[in-house]
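Notes to accompany the following structure.
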Amino acid sequence: MAANSSYDAIIVGAGHNGLVCAFYLARVGLKVCVLERSGVVGGAAITEEFHPGFRNSVASYTVSLLQPKVIADMELKSHGLEIVLREVDNFLPLDEGYLLAGCDGLTASEIARFSQEDATAYPAYEEALRRVVDCIRQLLLVAPPNAGGGLSDLLALIKLGGKLNKLSLETQNDLLDFFTRSAAEILERYFENETVKALFGFDAVVGHFASPYEPGSAYVLLHHVFGEVNGIKGAWGHAMGGMGSITRAMARACEAKGVQIITGSPVSAITTTGQGLKRVATADGAFDAPIVAACVHPGILMGNLLSRDEVPETFRRRIANYKSHSGTFRMNVALNGLPKFTQGPAGKAHLSAGIIIAPTLDYMDKAWASAREKGWSDAPVVEMLVPSVLDDTLAPTGRHVASLFCQQFAYDLPEGMEWENERERVADHIIATVEKYAPGFTKLVVGRQILSPRDLEEKFALVGGDIFHGRMSLDQLFSARPVLGAGAYRSPVRGVYLCGSGTHPGGGVTGAPGHNAAHVILKDRRGWRL
């Protein structure tokens, strides 16, 4: 038995949501322990040296969705977190010309260079997006009503219905459209220019192994625009020191409240003892608590950690069918210098942007189609960031690091092919894709870190390589995330909760699932004898 093994609550996994959940529980005086299988906290939000002298965010790579309430409550800035805005939000290099997006009217003026009609239509699109996003923001930090729940869930459903009923008919129609239609359908209502549609459509395929023409892809677009940075809604930023600086600050906030964080301690099982406590087994011993919250993929909790006897067969079967596959391939590269794009503005402000290689919706559609057939795209969708433009702590003087976040790569390759044998070839293919727009890029690369979908699963326990802990589709959202009956963070086992991205409101570095799960736990705890 490990020392100090009895707690009020145990969190399985020190990903950012697990740390957030631990903080809120400890803040009210609970004795909390966090168990993490890795040697460091952070889950997929970590920074590490991947080549001598070069550091970067390994998986999660940019800031926007992290909830301002979480930042304020945890006092992350006082614990060392500094977030700076990108000078430009997005930069699309094209065969001829380029398109930028950003604050202070930049997006509108850039659209006008391509189409005056689209520039005229842009305010209407922006207003529709604002109305829908404002509605969604109200739901981010609340627990969804649980299907099959009791009176409180019924009242929550009635309250939600009342909120929606107060929306204008136009907003209700927009909400329905964004939840059910394809991104292409929405964008084609407002814009005629293919590059302009691509500027907004890219968000619909990020972490989504699908075409922008697939129904429901418009919601994925929404999911990537409801954030804010330093009080500016919809903006994107960089955490100085990389994404690991977020989770390190969270760990400090937890420890300041008395949370014990134990790394290098993978959990093998969660069982119920005769006293109604939950026993969490690790190689170093067992830890007991009446409350366990799992910041892991729902399939890992239900299929691997909980006993088959405790999880109803129908529930286990539904979790087994929970879809997880984001089609993501992730690279970090060490560079001898800054890339130079054939098409782009003067200066280097655009190099602080998300550099998006996906010039049209059709390009994105073909990338998905070829990946389904061959395992990866003939012409992949690539977003590149060069965070060292904003943060010189990441690389030696005069050198840089780049994040390559690539879409439409199958988790399961065609018969006879394995990622272990193909990852280097695919990495070369991605570098060559960037080379087409930035000649000389290949020669700048002096080191690289490669994470195929299989590698993401192995390194971060992202089932199916899914960066969101589950597909962001209509059947896996809100009360149905991960499945109906577990939409309010409660598992079928009393005292065991979910607090990761496989719950509402889904993936990204938001902190919302951890925040919401903690509040549900505290609400339930008031009715328990501990």
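At full extension, D309 and Q116 could sit 63.1 nm farther apart than now, given 0.36 nm per residue minus the alpha carbon distance. Note on R425 and Q343: with the Förster distance fixed at 35 Å, the Cβ-Cβ geometry gives a FRET efficiency of about 0.80.
Cross-link candidates for K523: which lysines have Cα within less than 17 Å, leaving aside residues fewer than 8 places away along the same chain? Correct list for K523: K31. Applying 1/(1 + (r/R0)^6) with R0 = 30 Å to the Cβ-Cβ distance of T393 and E435 gives a FRET efficiency near 0.60. These residues, Y489, Y213, Y98, go from largest to smallest accessible area, 1.4 Å probe, as Y213, Y98, Y489. As a length-normalised measure over Cα pairs under 8 Å and 6 or more apart, the relative contact order of the chain settles at 25 percent. How much of the accessible area of the chain, in percent, comes from carbon and sulfur atoms when a 1.4 Å probe is used? C and S fraction of accessible area: 50 percent.
Peptide packing for 238-244, 408-414 was compared via the average number of neighbouring C-beta atoms within 10 Å per residue; ordered from the highest value, the list is 238-244, 408-414.
In this rough spin-label picture, where each label sits 7 Å from Cα along the Cβ direction, the L484-S78 distance is 4.6 nm. The alpha-carbon atoms of segment 328-393 define a convex hull whose volume equals 115 cubic angstrom per residue.
Accessible area per residue for the chain is 39 Å², calculated with a 1.4 Å probe on protein heavy atoms, without ligands, DNA or RNA.
Ligands, DNA and RNA excluded, the heavy atoms of L139 present near 30 Å² of accessible surface to a 1.4 Å solvent probe.
With 28 Å as the limit, the listed pairs K69/K197; K69/K257; K166/K233; K348/K443; K197/K436 have K69/K197 beyond it between alpha carbons. E194 contributes about 70 Å² of solvent-accessible surface, heavy atoms of the protein only, 1.4 Å probe.
Residues R86, R279, R252, ordered by accessible area of protein heavy atoms at a 1.4 angstrom probe radius and largest first, appear as R252, R279, R86.
Given their separation in residues at 0.36 nm each and the Cα-Cα distance between them, A320 and R372 gain 16.5 nm when the chain is fully extended. Among beta bridges identified by DSSP and lying wholly in the chain, the antiparallel ones come to about 70 percent.
Along the axis of the charge dipole computed for the chain (Cβ charges of +1 for Lys and Arg, -1 for Asp and Glu, origin at the Cα centre), the listed residues H224, F191, I111 are led at the positive end by H224.
Counting only other residues whose beta carbon sits under 14 Å from that of T271, what net charge do I get with K and R as +1, D and E as -1? Residues near T271 contribute +1 overall. You can think of it this way: the chain between N336 and E170 has 54.6 nm of extra reach, that is 0.36 nm per residue less the Cα-Cα gap. Each label was represented as a point 7 Å from its Cα along the Cα-to-Cβ direction; for D104 and T271 these points are 6.3 nm apart.
The values are calculated or read from the model by the stated rules, or taken from the named source; none is laboratory data. A quick note: this is a predicted structure, and the numbers were derived from the prediction, not measured. FYI the Cβ positions are ideal-geometry reconstructions off the backbone, even for glycines, and counts take in every protein chain you see. Side chains included, ligands, DNA and RNA excluded: accessible areas come from the protein's heavy atoms. Shrake-Rupley method; radii C 1.70, N 1.55, O 1.52, S 1.80 Å.
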